[in-house]
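Values quoted throughout were computed directly from the atomic coordinates according to the rules given, and no laboratory measurement underlies them. Just so you know, these numbers come straight off a predicted model, no measurement behind them. All Cβ positions, even for glycine, are placed from backbone atoms using ideal geometry, and neighbour counts span all protein chains on display.
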Amino acid sequence: MDKRTRALFSSQIYQEALVRFGITPHSVHELGGFESFLYEYQQDGTNNILRISHSLHHPPNRTRGEMDFLNYLSQNGLAVPRPILSLAGNLVEVIEAPSPDLPEGSFFSVVSFDKAPGGPPRKEDWNPVLFNKMGRFMGRLHSLSKNYQPGRPEYRRHAWYEDEEDYAVRYLPSSETRITEKFAQLVAYLKAFPRDPQGYGLNHVDFHGGNFFVHHEGDELQITLFDFDDCAYAPFVYDIAMALFYAVPHHCDTPADLQIARTFYHAFMEGYRLENQLDPAWLKEIPYFLKLREMDLYIIIHRSFDISNLGPWEASFMDGRKERLENDIPYIAIDFD
């Protein structure tokens, strides 16, 4: 989260958000959140989610676009959270938070949706059956995405590269010139891909086990995907690469780790192809989208954390990462077909 967002957030913003959605304060508990402030609350016997995000992360119309896409997916039978209207009947409530450092405007966007059923996938759930379900879910999402049109033109979500092009320049120190240059080259390469409607559309962009819950309906395992906060227009293969990225160890080098990657990928794609078809040429680009995410995380950690005092997860990821990026070591060295 941008440090300016934390500085601008206040109890007044929080209380106003509750008022606009008619939420009783004693029913709320904080969930945390990486880019937003997340809360769970009870209302009319159901558990719901409240999210408060600053315009530094996404301007209000982008958030309206996210809610519009969620409505579309839900109405077409995909298991995603259903947006909840505010007392004024709005999908998104906007609260002004003036700042002299942000003359173009400073706002918090507040949204609410129902809580996904079930819970995070357990260790025993993490097997080819789930991987296949994940792939089938993503294939259905992409199939629906091909026909999606925003409810209003101004609600159209951004293309993936719009927030990426100067990312490294903004957040990496001058000692990281080599990685900054490589990042710019990679973005330019990926940005040049054709926008074929059969292979390009609105992606989730953050599909991993922390962003979906699972539950059983009879003997069937079901997935409910949430956190569409970063959804963006991109080649569909970007979403596939993202799912694979988070399914393997940070340093996927040993034969055992590479086999984990192959097992996940093949089960995932078997499910994906049941719902959506991609030109096989797209799959050859997966290594480049894996590298994009690897670089993104490297930059995000520089932006959001004290590099000299990282937590266990961040420290594990950053161990040897600079050398891997500078020397173009593949994130996962397997065949993609």
Rounded to a whole number, the Stokes-Einstein D of segment 3-114 in µm²/s (Kirkwood radius over Cα pairs; 25 °C; 0.890 mPa s) is 170 µm²/s
Candidate span helices, the chain: DSSP H, at least 24 Å along axis from Cα coords, Kyte-Doolittle average at least 0.0, result 128-145, 286-304
Per principal axis, largest first, the Cα atoms of the chain extend in Å by 54, 54, 39
With R₀ set to 45 angstrom, the calculated FRET efficiency between the beta-carbons of R195 and L85, to the nearest 0.05, is 0.85
For L278, the net charge from surrounding residues (Cβ-Cβ under 12 Å; K, R +1; D, E -1) works out to -3
In whole angstrom, the spacing between the Cα centers of segment 107-153 and segment 155-171 equals 22 Å
Expected sort for 156-162, 318-324 on mean C-beta neighbours within 10 Å, highest first, is 156-162, 318-324
Under a Gaussian network model of the chain whose springs join Cα atoms within less than 10 Å, the largest fluctuation of I13, I240, I84 belongs to I13
Rounded to one decimal in nm, the spacing of the 7 Å Cα→Cβ label points at E181 and E162 is 3.1 nm
Protection proxy (average C-beta count within 10 Å per residue), highest first, orders 227-236, 2-11 as 227-236, 2-11
To the nearest 0.05, the calculated FRET efficiency linking D328 and S74 through their beta-carbon distance, R0 being 30 Å, is 0.15
If unit charges are put on Cβ atoms (+1 for Lys and Arg, -1 for Asp and Glu) and the dipole of the chain is taken about its Cα centre, the option from V205, H216, L278 lying farthest towards the positive end turns out to be L278
